[in-house]
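**Q** Have a look at the structure that comes next, please.
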Amino acid sequence: MNTIIEHLKSYNADFEYKINRTRKESYELFFVKGSLETVRNTDNCDREVTIYVTHGAYKGHSSFFVYPSTTEAELDRLIGQTIEKAALISNPDYALPAAQTGEYAIETNFTDYDAADLAAEIANTVFGANTLAVTSLNAVEVFINRITETVVNSNGLHKQQQRWTAMVEAIPTATEGGESVELYEQVNFNALDLESLGREIADKLSQAKARHDAKRLTVTGAPKVILNSQELMELFWNFADDLSYSAVYNHHSVYKKGDALQTAPEGDRLGITMAASYPGCAGSRAFDADGLALTRQRLVDGGIAVGCYGSNRFGQYLGEEPTGVLPILTLDPGTAEEAEFVTGPYLEVVSMSGIQTDFYADYVGGEIRLAYWHDGETVRPVTGVSISGKLSDVLNHIRFSKECALFGNYYGPKKAVIEGMNIF
Amino acid sequence: MSFSEFLQSRRADARALVTELKKTYDYVSVLGVDVKARTVSANNRLTNIASGMDTECGFVVKVAGDGVFYEYSLDDIRGDLGVLVDEIHRSFRFSKALQLKPIGIHDLSDEPLVKSFCRESDLDRYSEEQLLDYCKELRDRINAKSENLLNTSVGIYTMETSKLFVSENRELDQSYAWVNGMVSVIWRENDQTVQFGSGENEPTIAAVLEKLPGVVEEVLHTAHMLTTAKPMVPGEYDIVTDTHMTGLICHEAFGHGVEMDMFVKDRALAKEYVGKYVASPIVNMKDGAASCVSAGSYFFDDEGVLAGDTQIIKDGILVTGISDLSSALELGTAPTGNGRRESSRRKAYARMTNTFIEPGKDRLEDMIASIDHGYYVCECDNGMEDPKNWAIQCVAKYAIEIKDGKLTDNWFSPVIISGYVPDLLKSISMVSSDCKIVGAGMCGKGYKEWVRVSDGGPCVKARAKLG
């Protein structure tokens, strides 16, 4: 890093720069049908240099990577070439983040462990969660990552953060009577809570058994549908992406500040806030790739878009305060009592192939891999059905649970009830 | 283009490392990867010249020992060999607290072969300035065509790949390139805003630059028609898929299910169907890095196995799957050259390369004419595999209604094909004689491990559930 900085500083030209250094060390275990197949270690470091050239009212930037093989002479050549490339770019001018220094360690309890021991504890917990006779975990992967990110720029900004993350991918499978089905589970976290992890895997194994027993469903009318936190995460991240400064600036966005996401709300009012960190969330961080300190931002309040968020550059282009690229979406809890979720008939979604949304076509839908059909008297697992409906109707009538949950880079209601969906 | 100077400079280091580690382990290999990717683009508001997301440079050391595979990914293998070997030995461990046993590794084949491979390209004949000028000029020409355009984006993405594989008995190197060109627009009309794009993908920049303007009229017409599109009425219909959707179905609905590491893990229903009908007798399907020249083409895979051309379905019968080294070893089959890594930092799995249904004998016009009421389903958006249970979710950008054997002006968007894979594949009743393979795709395994692939084929007539 110091050599790169020295060469950038001593290069005889008028330009600004940023260096992103990312070191990723990982320890990974791969299991096939309960046996250890592969053990992996990685230790890699990327150094990307971005050069900014201001010409008139414009600014251009371009970048290159520095490898262990890059000699000092090559480094000078790369700097010179990249200055030329940056000068070809005529985008509106903006200022790089100002001088600021800091070292940050994202809160975790992983530092108490040796990576191999930590991965072993996690693997033992995952496999130990299987207590059903007809279920198994046919494939499991455990990743422990330590990521150290450093950002330096020519204004004197110099920041470093260290983040630990863990990822478990597990394939819960149920086999009975010669027939076998599976579900997919991926859990990301940065705080070890073996009890919660074990519970999560045990739930998925039970769901795999339910999928085994599931039948196709034929319903008439449009009963209410219960979505869980995974579907809520996928659905509402679409809105967060749409309200990013870059999407707004490039005319990719459908919504802008002041627009109503709920045009005639009859359910809970939407409230979305973007955040930098949340306890246990693997996405947590202190600053973004520009080194910009992350500032919590309210995006949607009372169903109305009240703000946007995003990078230093696009924030300045829009004349807004850059918030940094915030990694976590938090959704306000709702008002629905548990009783509202359990009065039938209703379809309780457990696993989907992925919820599909199209703002332009006012569409939401997807294929359901497992759901529970509550007809008011009995409950039975169902599969092989799809749902589709008008996104605007869903938003206007959605009711959220009071209870919240963390799922991936989402913290918000654990469940929501939607109406007016076609089930087919 | 030529083989990476960096990897060439590390060839002797790789050989020395293999020799040293072989004193301890039964099997040792070193893979070196150097990918230079760049992106040049222009839209109405911004221009860009940057490193591409595929850019990487590094090594992965793989050994078999203690009944498991060990891997170590690092940036460079040059330096004090003794220190490096000690570091690698130290990293190859698992905790005594682990309650699960090693799988047990059978003998790995390491057939002698020393060979260099190169697919010529023209990446070094075009500067970023030339590519940027091209993008800006085409963008301006497109913008002049309509006032409905809110934003127009033109981009060129190039990848120059070099790989070096060294084991005790093998020493292979390869270099090849791929180029993606893309035009996309944001279009506003009828109080609706839509986004649509299309591209060209070729081994050379010259071919992409020549062909890319040819997609413009189609992009603008599609964008215009999408503003008239209505929601699909869910139901089961006769459909004809365009080449993009044929490719997506082929890839998502069936391709993932014949990745043979999924056989080993008992994660694929296809394992039970080898030698049985899984599709209509007029369906033939292939996968292989050597099956055609496209985004998934290479000369040897990331485990040093030469590229294959695998017949997966022959006359509707499942013949075989595609394998990486360890799944082939476990199943006692020959590896098919499908062991691929997202990068030198990730594990190899059995992965698709270029996956497609082979052309048939029918004409698209006759296929459409044979339908009283149905849909021509076009342009893939995304899809999700379910190899264990053969459920489908394939999302198309749009479908055009067919009435009385003719295409209408009634467009529907978006459109989701769902259902059960064998039901869909067995319902295929016509296959067109033309075939296009689209090489702009990225494929994940589950929700990670992204590799570049192509897929495609002819148009097919089938019966499917649309929503």
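The values are calculated or read from the model by the stated rules, or taken from the named source; none is laboratory data. What you see is a predicted model, and the numbers here were worked out from it, not measured in a lab. So basically every Cβ, Gly included, is an ideal-geometry build from the backbone, and we count neighbours across all protein chains shown. Each accessible area value is taken on the protein alone, full model and side chains, heavy atoms only, with ligands, DNA and RNA left out. Shrake-Rupley method; radii C 1.70, N 1.55, O 1.52, S 1.80 Å.
**Q** If you go through the range B:1-43, how many residues are outside any helix (DSSP H, G or I) and among the hydrophobic types (A, V, I, L, M, F, W, C)?
**A** Within the range B:1-43, residues that are outside any helix (DSSP H, G or I) and among the hydrophobic types (A, V, I, L, M, F, W, C) number 10.
**Q** Something else about it: How many residues are free of Cβ contacts under 8 Å to residues at least 40 places away in the same chain, in a strand (DSSP E or B) and surrounded by fewer than 21 Cβ atoms within 10 Å (Cβ to Cβ) if we restrict to the range A:8-37?
**A** Total satisfying the criteria: 1.
**Q** Next question. Among the residues that make up the range B:115-136, is at least one of them among the polar types (S, T, N, Q), in contact (Cβ under 8 Å) with a residue 12 or more places away in the chain and within 14 Å of chain A (Cβ to nearest Cβ)?
**A** No - not one qualifying residue is present in the range B:115-136.
**Q** Go through the range B:251-261 residue by residue and tally those that are modelled with pLDDT under 90 and open to solvent by less than 10 Å² (accessible area, probe 1.4 Å).
**A** The qualifying residues number 2.
**Q** Restricting to the range A:221-237, give me the number of residues that are open to solvent by 20 Å² or more (accessible area, probe 1.4 Å), away from chain B (no Cβ under 13 Å) and not charged (D, E, K, R).
**A** 3
**Q** In the range B:56-75, is there at least one residue being in contact with a strand residue (DSSP E or B) (Cβ under 6 Å, 6 or more places away or on another chain), surrounded by fewer than 22 Cβ atoms within 10 Å (Cβ to Cβ) and closer than 30 Å to B:LYS136 by Cα?
**A** Yes, the range B:56-75 contains a residue that is in contact with a strand residue (DSSP E or B) (Cβ under 6 Å, 6 or more places away or on another chain), surrounded by fewer than 22 Cβ atoms within 10 Å (Cβ to Cβ) and closer than 30 Å to B:LYS136 by Cα.
**Q** Quick one: B:LYS230 ticks every box in (1) crowded, with 20+ Cβ neighbours inside 10 Å; (2) within 14 Å of another protein chain (Cβ to nearest Cβ); (3) within 23 Å of B:LEU466 (Cβ to Cβ) bar one, so which box is it?
**A** Condition not satisfied by B:LYS230: (1).
**Q** Scan (1) within 14 Å of another protein chain (Cβ to nearest Cβ); (2) crowded, with 20+ Cβ neighbours inside 10 Å; (3) under 25 Å from the mean Cα position of the chain (by Cα) for the single condition A:GLN186 breaks and write down its number.
**A** So A:GLN186 meets the others, but not (2).
**Q** A follow-up question, please. So which residues in the range B:70-84 are facing another protein chain (nearest Cβ under 8 Å) and at pLDDT 95 or above, if there are any at all?
**A** Selection gives B:TYR70, B:GLU71, B:TYR72, B:SER73, B:LEU74, B:ASP75, B:ASP76.
**Q** Go through the range A:273-288 and give me each residue that's polar (S, T, N, Q) and part of a strand (DSSP E or B).
**A** Listed by number, the list holds a single entry, A:THR273.
**Q** So is B:ASP80 farther than 30 Å from B:SER153 by Cβ, buried (at least 17 other Cβ atoms within 10 Å of the Cβ) and of a type outside the set (Ser, Thr, Tyr) or not?
**A** no
**Q** Taking into account only those residues within the range B:180-195 that are open to solvent by less than 20 Å² (accessible area, probe 1.4 Å), among the β-branched types (Val, Ile, Thr) and within 12 Å of chain A (Cβ to nearest Cβ), which is nearest to the chain's Cα centre (by Cα)?
**A** B:VAL185
**Q** Right, here's the next one. Sort out which residues of the range B:306-327 are closer than 15 Å to B:SER29 by Cβ, open to solvent by less than 40 Å² (accessible area, probe 1.4 Å) and not in a loop (DSSP other than H, G, I, E, B), and write them in order of number.
**A** B:LEU325, B:SER326
**Q** Another one. Just one of A:THR101, A:THR42 is surrounded by 15 or more Cβ atoms within 10 Å (Cβ to Cβ), modelled with pLDDT of 95 or more and out of contact with any helix residue (DSSP H, G or I) (no Cβ under 8 Å at 6 or more places or on another chain); which is it?
**A** Sole residue among the options that is surrounded by 15 or more Cβ atoms within 10 Å (Cβ to Cβ), modelled with pLDDT of 95 or more and out of contact with any helix residue (DSSP H, G or I) (no Cβ under 8 Å at 6 or more places or on another chain): A:THR42.
**Q** Could you grab the pairs with beta carbons closer than 6 Å, sequence gap of 6+ or different chains, first residue in the range A:208-230 and farther than 25 Å from B:ARG267 by Cα, second one surrounded by fewer than 19 Cβ atoms within 10 Å (Cβ to Cβ) and among the aliphatic types (A, V, I, L, M)?
**A** These pairs meet every condition: A:SER229/A:ALA405.
**Q** Also: Just to be sure, is A:SER10 touching a Leu at 6+ places or on another chain (Cβ under 8 Å) and either more than 29 Å from A:THR323 (Cβ to Cβ) or facing another protein chain (nearest Cβ under 7 Å) (or both)?
**A** Answer is no for this residue.
**Q** Quick check on the range A:320-365: of everything there that is part of a strand (DSSP E or B) and free of Cβ contacts under 8 Å to residues at least 60 places away in the same chain, which residue is nearest to B:MET384 (Cα to Cα)?
**A** Residue satisfying both the conditions and the ranking: A:GLN356.
**Q** Here is a follow-up. If A:ALA98 passes every condition in (1) more than 9 Å from every other protein chain (Cβ to nearest Cβ); (2) in contact with a Phe, Trp or Tyr (Cβ under 7 Å, 6 or more places away or on another chain) but one, which one does it miss?
**A** Of (1) more than 9 Å from every other protein chain (Cβ to nearest Cβ); (2) in contact with a Phe, Trp or Tyr (Cβ under 7 Å, 6 or more places away or on another chain), only one is false for A:ALA98: (2).
**Q** Only one residue in B:THR47, B:THR39, B:THR55 is at the interface with chain A (Cβ under 7 Å from one of its Cβ atoms) and within 22 Å of the chain's Cα centre (by Cα), so which one is that?
**A** B:THR55
**Q** Now, a different point. Restricting the search to the range A:139-162, which residues are over 22 Å from A:ASN190 (Cα atoms) and surrounded by fewer than 20 Cβ atoms within 10 Å (Cβ to Cβ)?
**A** A:SER154, A:ASN155, A:GLY156, A:HIS158
**Q** Shifting gears a bit: Of A:VAL342, A:VAL349, A:VAL306, which residue is within 30 Å of A:PRO172 (Cα to Cα) and open to solvent by 20 Å² or more (accessible area, probe 1.4 Å)?
**A** One residue alone meets the criteria, A:VAL342.
**Q** Can you give me the number of residues within the range B:432-465 that are at positive phi and buried (at least 24 other Cβ atoms within 10 Å of the Cβ)?
**A** 2
**Q** Which strands (runs of 3 or more DSSP E) does the range B:360-467 wholly contain that include 2 or more residues that are at pLDDT 95 or above and away from chain A (no Cβ under 14 Å)?
**A** Counting at least 2 such residues, we get B:373-384, B:391-403, B:406-412, B:448-457, B:460-466.
**Q** Name the one entry in A:GLU121, A:GLU84 that is outside any strand (DSSP E or B), among the acidic types (Asp, Glu), within 26 Å of A:ALA289 (Cα to Cα) and within 12 Å of another protein chain (Cβ to nearest Cβ).
**A** Unique residue meeting the criteria: A:GLU84.
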